[in-house]
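Have a look at the structure below, then the notes.
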């Protein structure tokens with residue numbers, strides 16, 4: 001009986017040690033911000049470095065979950081309900097609203113279109129001014145749609161100055177080939193394929209000539225930014241580390257990205273030729289208000305364009321929806 005008591009006391013002591021150790025680990029993880037952070041995005045290979053950072057453990061001790069939500073409205077609702085902590089969006093899509101508030105504060109840039117989007121025109125169009133009165137098509141909510149609004153804005157026009165049709169991208173390419181429209185907003189590879197199929201057509205303008213226009217930012221919930229900004233710093237640090245990893249280990253990195261987007265590594269490399277990723281130096285530069293065409297300037301300009309075209313019924317001040325607090329930690 002004495003031996004049994006000794007054994008029971010020993011087991012009780014061991015359980016107590018285990019309990020204290022487990023509690024200590026949980027408290028340490030909590031102190032370090034080791035909670036699941038959910039980042040939402042549409043299916044766009046430009047977000048590939050997020051998967052590299054996740055798979056290679058570059059977010060330090062953060063438990064990062066990456067999810068796909070293809071509808072911006074659903075993405076906003078997910079953040080408002082607390083299901084999503086961060087989501088990726090371009091300036092224009094973020095500001096496209098018919099009056100409702102839009103959740104999120106932009107804290108870093110991650111990528112931009114660098115030729116992946118363009119306006120394809122037939123032989124009747126030589127300049128942007130020639131678009132007036134022409135039949136144009138593009139899919140609402142996608143970068144080529146905003147690029148179309150932008151080129152019109154540069155000539156003092158809006159969608160009201162053209163015969164505009166809202167058409168899905170695949171159908172828009174077909175409409176251009178059939179001659180139903182004179183110009184069309186497309187993204188790669190549909191842009192190049194449609195051009196090849198239509199002799200005499202040309203790309204009037206693409207995102208390659210408009211740096212910074214079609215760029216993605218990461219938007220954090222206001223709660224996370226307020227209560228745990230260190231988490232956002234680690235997300236940014238993880239992104240920057242992923243870019244370094246891609247440079248140093250391209251074969252492995254493109255395999256990871258291709259796997260997560262259902263394409264071969266070679267296809268991912270081809271896609272990368274039409275986009276650019278923002279590194280730490282890029283972000284520091286773009287979040288500096290002394291920089292020409294900084295994030296605040298671009299946010300304001302794109303809001304102006306959307307408002308003129310009836311796509312932004314509610315305006316937001318750049319200072320209310322963008323913060324430099326996270327990027328400034330890297331200076």
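Taken together, the values in this text are just the output of simple stated rules run on the coordinates, not laboratory data. All values derive from a computational prediction rather than experimental measurement. For neighbour counting, all protein chains shown are included, and Cβ atoms are generated from backbone atoms with ideal geometry for every residue, glycine included.
In table form, for the structure just shown:
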| read-out | value |
| --- | --- |
| Spin-label model distance (nm) - residue 77 vs residue 288, 7 Å beyond Cα toward Cβ | 4.3 nm |
| Additional length obtainable on full extension of the chain from residue 170 to residue 320, 0.36 nm per residue less Cα span | 50.3 nm |
| Highest to lowest packing among 302-311, 92-101, scored as the average C-beta count within 10 Å | 302-311, 92-101 |
| Relative compactness, the range 144-261, computed as alpha-carbon Rg over 2.2 N^0.38 Å | 1.47 |
| In degrees, nearest ten, helix 2-31 long axis to first principal axis of the chain (Cα) | 30 degrees |
| Percentage, to the nearest whole number, of Cα pairs in the chain over 35 Å apart | 30 percent |
| Residue 247 versus residue 65: modelled label distance in nm, points set 7 Å from Cα along the beta carbon direction | 3.3 nm |
| Angle between the chain longest axis and helix 229-248 axis [Cα atoms, degrees, rounded to 10] | 70 degrees |
| Using alpha-carbon coordinates, inclination of helix 169-178 to the longest axis of the chain, degrees | 20 degrees |
| Ratio Rg/Rh [Cα only; Rh per Kirkwood] for the range 117-209 | 0.91 |
| The range 219-331: translational diffusion in µm²/s, Stokes-Einstein, Kirkwood Rh over Cα pairs, 37 °C, 0.692 mPa s | 198 µm²/s |
